[in-house]
1. Among the residues of region B:58-77, write down those that are more than 8 Å from chain A (Cβ to nearest Cβ) and crowded, with 23+ Cβ neighbours inside 10 Å.
2. With respect to residue B:45, determine if the residue is open to solvent by 10 Å² or more (accessible area, probe 1.4 Å) and either of a type in the set (Ser, Thr, Tyr) or within 7 Å of chain A (Cβ to nearest Cβ) (or both).
3. So, in region A:494-548, exactly how many residues are hydroxyl-bearing (Ser, Thr, Tyr), open to solvent by 20 Å² or more (accessible area, probe 1.4 Å) and farther than 22 Å from residue A:326 by Cα?
4. What residue, among those in region A:247-266 that are assigned to a loop (DSSP other than H, G, I, E, B) and surrounded by 14 or more Cβ atoms within 10 Å (Cβ to Cβ), is nearest to the chain's Cα centre (by Cα)?
5. For region A:522-537, give me the residue count where each residue is in a strand (DSSP E or B) and of a type in the set (D, E, K, R).
6. Residue check: is residue A:188 modelled with pLDDT under 95 and either more than 14 Å from chain B (Cβ to nearest Cβ) or farther than 30 Å from residue B:44 by Cβ (or both)?
7. Which of the residues spanning region B:68-99 are aromatic (Phe, Trp, Tyr) and more than 16 Å from ligand 3 (Cβ to nearest atom)?
8. Of all the residues that make up region B:78-89, how many are touching a helix residue (DSSP H, G or I) at 6+ places or on another chain (Cβ under 7 Å) and either at the interface with chain A (Cβ under 9 Å from one of its Cβ atoms) or open to solvent by 10 Å² or more (accessible area, probe 1.4 Å) (or both)?
Amino acid sequence: MSRIGVFVCHCGENISRTVDVEKVAAEAGRLFGVAYTCDYKYMCSDPGQNLLKKAVAEHKLEGIVVAACSPRMHEKTFRNAAKAAGVNPFLCEMANIREHCSWVHEDRDEATAKAIDIVTMMVERVKRNKKLQPITVPVTKKALIIGGGIAGIQSALDIADSGHQVVLVEREPSIGGHMAQLSETFPTLDCSQCIMTPKMVDVVNHPNITLHTYAEIEAVEGYIGNFQVKVRKKARSVDMAKCTGCGVCMAKCPQKKIPNSFDKNLGFRPAIYVPFPQAVPNTPVIDRENCTWFKTGKCGVCQKVCGPGAVDYTQEDEIVVEQVGAVVVATGFQLYDIGPKPAGSAIEGYGEFGYGTIPDVIDGLTFERLASASGPTGGKIVRPSDGAEPKSVVFVQCVGSRAREKGISYCSKICCMYTAKHTMLYKHKVHDGQAYVFFMDARTPGKGYDEFWRRSIEEEEAVYIRGMVSRLYQKGDKVVVMGSDVHIGVQVEIEADLVVLATAVQPREGADTLAQKLGISYDKYHFYSEAHAKLRPVECATAGIYLAGACQGPKDIPDTVSQASAAAAKVMTLFARNELEREPIVAKVNERFCVGCLACRKVCPYGAVEEKEIRDRSGNLIKVVAYVNPGVCGGCGTCQATCPSKSVELDGYTDEQIMAMIEAL
Amino acid sequence: MHTDKVKHDFEPKIVALVCTWCTYAGADLAGTSRMQYPPNVRVVKFPCTGRIDPVFILRAFQKGADGVLVSGCHPGDCHYMAGNFHARRRFAAFRKLLEFVGVDLSRLQFSWVSAAEGGKWVEMVTELTERVRQLGPLTEFRELELAEQWSGATLTTPELKEAYQAI
Ligand SMILES: Cc1cc2nc3c(=O)[nH]c(=O)nc-3n(C[C@H](O)[C@H](O)[C@H](O)COP(=O)(O)OP(=O)(O)OC[C@H]3O[C@@H](n4cnc5c(N)ncnc54)[C@H](O)[C@@H]3O)c2cc1C
Ligand code: SF4
Ligand code: SF4
Ligand code: FES
């Protein structure tokens, strides 16, 4: 291609003051392939753009170089003008002779010489530019939400309310997540169940939401706008279409002594169960590991008593395939299990705290269940060991959090606030009881948070001791807490009836496996990584996948809900269009040269490189090559610089284009 | 504030290979802030330092550059997350190779310049220009280049190729 027009701009006087624009235009005219040159006062103005269009028509120009300001300023302007003039926008380049030349040099001769060089480089580049067409991909307007805690529920409702279809996948038999386990919530002390249950019911009744509970993500393929998701629905052993939720089966099940994990094992449940009475959906599942029928082949009571005949022992796992355009990941958190160090774990345990061996040492979530009106004690605060009302309770903050020596250096963010809440709930129920709190710092940034925290000290008379706890041990029916008070510099010892540990917030077990299925990145703790810590906090770097809630980092409910609604808004923005258009700066593989080493796949930050098999007509495998999915490629070019056989090229930045610029020196 | 310019006998050519998101933007900022620096540098823009193949550095030296500057986003700030980490690893190995073939490593500068660091860009370019000026022209590669041209091994531009095929 060698009919190039070079347009040199004066930018008022901004360029022409130091650069001899006429000379630049004249010199450019001498370059091989340049068919037209001119200089003009303001190229970006309407008359300037018209001049460009007219020149293209008159001189049959095939490529354009505008020597003016930075491409970051006006590349779009001139590429649009080129397009209007009938030239492929990617055959229009800017030579930056303002920011990189006239503004930073004073000597007119030197600046002019440099400007000529810059123009020459761009002319050589444009000669080798290829016509590129914007890439369009269709958008399937259906969203997948993984995780049915408050984050997933909020995103699902927002998207469904906007008129789009939503598929919500929850691993447990019921949606609700941690919030369903909480008693009352800071900073207003409203009852968690009361604000949560209506939302859960809205989800199951919403005409635009398909709910898969007791289900997990099996595999994810595709890219933004076009994901294909396989969902494994685990065998429930109860037919959801037939079950009326009457609960007869649960009442008659002879297995009654299975520890209820929803209640942190404080209570028991039968083998056919719903995790809690307000569960959504209200259809039981059979826990096959503990069910007598599945263990011995005898019993069958639930099947006999079930009126509608919903119990089905032969049910098998089912794979459902869903086509979606966007994914919101909302898998939440788990609490750090602080028992002795698990084998192979990078994180040290807290053997010295006796958690798991001393019955009256519990974690915060267990305390929530004790304080919950719908919990195993009906909201009465008692000790797990003997059921007595504890008269002195020690709360220990930062167990596992901000403890570099134990392997976690971050702050779990919610413990200061929920510990303050616990001291209040305790005092409201045990009026003559005394709460003590060991803490490092009180971190209460949030609307109404510091006021709430102060109330726990000033009105509920909790005693805050700044310092760490070194050891806990059983002495008679008491738990002795050995710690230090750094303010007065003494060792303290408290004999407590109950000890509550505010253990660190961690990502869910298996968060990394899910991330690998989705092709998203995570940090060293396995919290999912956002695309930009400040400016893109709810998007993953992988296009079309968004984050909500505690799976991205420790969060309380207000923050979780904000992020969930933000993620939903991002999904709706995507769904506002039928097709996505994106810059065609993507990598392409030359399948003839590619040796299939897949070195590119290892370095690609977007997971855009896939394996592709090349077969002959009778189906024999000839070779395996790399394939770059243009919908996913971010256009960084790392693959190209890495490829040992030089068989992947980034459109718009090919070796030929770059070499030509360097050689133009 | 025109200062009297010192005329030097030798004006080195510096090629800067930069990423568009950080260093190119930083150089733009130096412009909008009207900072001054030696006019010896020619900028080649890349999407990311991850795209920069060490071969480009060799080719620049071969085609007459006396110094090369490679610069992108600070570690952790890469627009594509990890491009600059791959680049850093690649260049660490490449420096060894260059040293082995006998190029003075002070002709090659790697650095991170963010979009907010117009001043750092100016310092970087000024320092490298002065340093390379002291070292004098890089001739070894140009001799190689001459030998290659003489043997007629390269037809590097489409025009040449076209002309060659027309014969
Ligand atoms: C003791 C304690 C007290 C608290 N008190 C308060 C309070 O008073 N006020 C407040 O604002 N916040 C409080 N919080 C914080 C609150 O619990 C969280 O902010 C909130 O639960 C986060 O919601 P989420 O949806 O992100 O995660 P979660 O509630 O953890 O929900 C995640 C859901 O995803 C599901 N899931 C996980 N992995 C998968 C998978 N692979 N596939 C499918 N589904 C999956 C889970 O089963 C779960 O249902 C407290 C937390 C604790 C531990
Ligand atoms: S399975 Fe049958 S008995 Fe059990 S809850 Fe459903 S309808 Fe009732
Ligand atoms: S250009 Fe970057 S994003 Fe695209 S395939 Fe190559 S490495 Fe991946
Ligand atoms: S975008 Fe600047 S180094 Fe990757």
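The values are calculated or read from the model by the stated rules, or taken from the named source; none is laboratory data. As the structure is a prediction and not an experimental result, all values here were calculated from the model. A quick note on method: Cβ atoms are made from the backbone with ideal geometry, for glycine too, and the neighbour counts reach across all protein chains shown. SASA here: full protein model, heavy atoms, side chains in, ligands and nucleic acids out. Shrake-Rupley method; radii C 1.70, N 1.55, O 1.52, S 1.80 Å.
1. Correct list: B:61, B:66, B:67, B:68, B:69, B:70, B:71, B:72, B:73.
2. So residue B:45 does not fit the description; no.
3. 1
4. If we take residues in region A:247-266 being assigned to a loop (DSSP other than H, G, I, E, B) and surrounded by 14 or more Cβ atoms within 10 Å (Cβ to Cβ), then A:264 is nearest to the chain's Cα centre (by Cα).
5. 1
6. In short, yes.
7. Answer for region B:68-99, where residues must be aromatic (Phe, Trp, Tyr) and more than 16 Å from ligand 3 (Cβ to nearest atom): B:91, B:94.
8. 5
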